[in-house]
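**Q** Below you will find the structure I want to go over with you.
Derivation of every value follows stated rules applied to the coordinates shown; laboratory data play no part. Source: prediction; values computed, not measured. Don't worry about glycine lacking a Cβ; one is built from the backbone with ideal geometry, like all the others, and counts go over all protein chains shown.
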Amino acid sequence: MNHNTTSKKWILGLTGGICSGKSTATEAFIECGCTVIDADIVAREVVVKGSIGLNKIVAHFGKDVLNEDGTLNRAKLRTIVFSNTEERNFLNNLLHPLIHNLILEKISQAQGTYTIIAAPLLFENHLEKFTNYVLCMDIDEETQIERTILRDNCQREIAEKIVKAQLSREYKTSHSDEVLLSNFATPELLKNKIKALHPKYVKLATDFSNNSNNTKL
């Protein structure tokens, strides 16, 4: 499923629902020498103090969305946009192009045989268009709920709402090239599985690179 028409590099998309093992998988890829571009970190980088993104947010929403030190008050902004579809659309239309551009910039600077875009909202934010192949971490809903309760120290009702609010497992798995059931007993076992997949992705990346070079001839 080659979505990637913007880069000459082979890009792996890594996605999955909440508490499905994405962070552990990311660590394993880094240990394999891959460059990982974390979409959540990129989303924070485009609204740092002094950025175009933050300046436009303040121009639209007012200074109430800032902390005393001039940084973005995410909780306040979240409250506004989650209760107002129009405002949420404004924010998405503002931030998505900034996020996409920064991801492309990071891809161009990336070293290694292949690069990973790690994004819980890979499909929701249309980041799959930058990828050549998508690996989806999958886990049953009950385990997701239990892990969310433990991780966030929240009540079951809240955990259930968080899980239900996500794009369905069926959509994510059916639109991915590979699905990894991440119900491993320990994070180390999951890491070992990712490291076992690494040579396969190196081969896909090498073949892609060779084909790209041949096309230029």
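**Q** How large is the dipole of the chain about the Cα centre if only Lys and Arg carry +1 and Asp and Glu carry -1, each at its Cβ, rounded to the nearest 20 debye?
**A** With Lys and Arg at +1 and Asp and Glu at -1, about 540 debye.
**Q** Relative to the Cα centre, what is the charge dipole magnitude of the stretch 107-158, using +1 at the beta carbon of each Lys and Arg, -1 at the beta carbon of each Asp and Glu, and rounding to the nearest 20 debye?
**A** 320
**Q** Turning to a different aspect of this structure: If you split all Cα-Cα distances of the stretch 132-193 into 5 Å bins from zero, what percentages do you get per bin, shortest first?
**A** That works out to 4, 17, 22, 22, 21, 12, 3, 0, in percent per bin.
**Q** Follow-up. Out of the trypsin sites (Lys or Arg not before Pro) in the stretch 1-89, which ones are loop residues according to DSSP with at most 16 other C-beta atoms within 10 Å?
**A** For trypsin sites (Lys or Arg not before Pro) across the stretch 1-89 that sit outside H, G, I, E and B with at most 16 neighbouring Cβ atoms in 10 Å, the list reads LYS8, LYS49.
**Q** If Lys and Arg each add +1 and Asp and Glu each add -1, what is the summed charge of the other residues whose beta carbon sits under 11 Å from the beta carbon of ASP140?
**A** -2
**Q** Near CYS32, within a Cβ-to-Cβ distance under 13 Å, what is the net charge of the other residues, with Lys and Arg +1 and Asp and Glu -1?
**A** Surrounding charge for CYS32 is +2.
**Q** Report, by chain and number, residues whose modeled amide H sits under 5 Å from the one on GLU124, excluding near sequence neighbours (fewer than 5 apart, same chain).
**A** Amide H neighbours of GLU124: none.
**Q** Checking the a/c ratio against 1.5 first, then a/b against b/c, what shape does the Cα gyration tensor give for the chain?
**A** Taking the square roots of the gyration eigenvalues as a ≥ b ≥ c, the chain is oblate.
**Q** In debye to the nearest 20, how big a dipole does the stretch 12-72 give about its Cα centre with +1 on each Lys and Arg Cβ and -1 on each Asp and Glu Cβ?
**A** About 240 debye.
**Q** On a full-extension model of 0.36 nm per residue, what is the gain between LYS195 and HIS60, subtracting their alpha-carbon distance, rounded to one decimal in nm?
**A** Between LYS195 and HIS60, full extension yields an extra 44.0 nm.
**Q** Also: Using the Cα centre of the stretch 5-108 as origin and beta-carbon charges of +1 (Lys, Arg) and -1 (Asp, Glu), tell me which of PHE82, PHE29, HIS100 is placed farthest towards the positive end of the dipole.
**A** Highest projection toward the positive end goes to HIS100.
**Q** Expressed in nm², what is the orientationally averaged projection area of the convex hull enclosing the Cα positions of the stretch 48-111?
**A** 5.0
**Q** Fewest to most neighbouring Cβ within 10 Å: what's the order for TYR171, TYR133?
**A** Least crowded to most crowded, the residues run TYR171, TYR133.
**Q** Using each residue's phi in the stretch 16-26, evaluate 6.51 cos²θ - 1.76 cosθ + 1.60 at θ = phi - 60° and report the 3J(HN,Hα) Karplus result to the nearest Hz, with x for Gly and Pro.
**A** Computed from phi, the couplings for the stretch 16-26 are x, x, 4, 6, 9, x, 4, 5, 5, 4, 4 Hz.
**Q** Rg and Dmax of the stretch 106-158, Cα atoms, in Å?
**A** When restricted to the Cα atoms of the stretch 106-158, Rg and Dmax are 15.6, 43 Å.
**Q** Could you work out the helix-only [θ] at 222 nm for the chain, with each DSSP H run of four or more residues adding -39,500 (n - 2.57) and the total divided by the number of residues, to the nearest 500 deg cm²/dmol?
**A** It lands at -17500 deg cm²/dmol.
**Q** Calculate one ³J(HN,Hα) per residue across the stretch 113-122 by plugging θ = phi - 60° into the Karplus curve 6.51 cos²θ - 1.76 cosθ + 1.60, and present them in order as whole Hz with x for glycine and proline.
**A** Listing the rounded values in order: 5, 8, 10, 10, 9, 9, 8, x, 9, 4 Hz.
**Q** Give me the number: length gained by fully extending ASN92 to ASP152, i.e. 0.36 nm times residue separation minus the C-alpha to C-alpha distance, one decimal in nm.
**A** This chain segment gains 19.0 nm when fully extended.
**Q** Right, next: Quick one: of the DSSP bridges fully inside the chain, what percent are antiparallel, nearest 5?
**A** If I count the DSSP bridges inside the chain, around 5 percent turn out antiparallel.
**Q** Expected output is a single nm value to one decimal: the length gained when fully extending between SER83 and ILE41, i.e. 0.36 nm times separation in residues minus the C-alpha distance. What is it?
**A** Result for the pair: 12.7 nm of gain on full extension.
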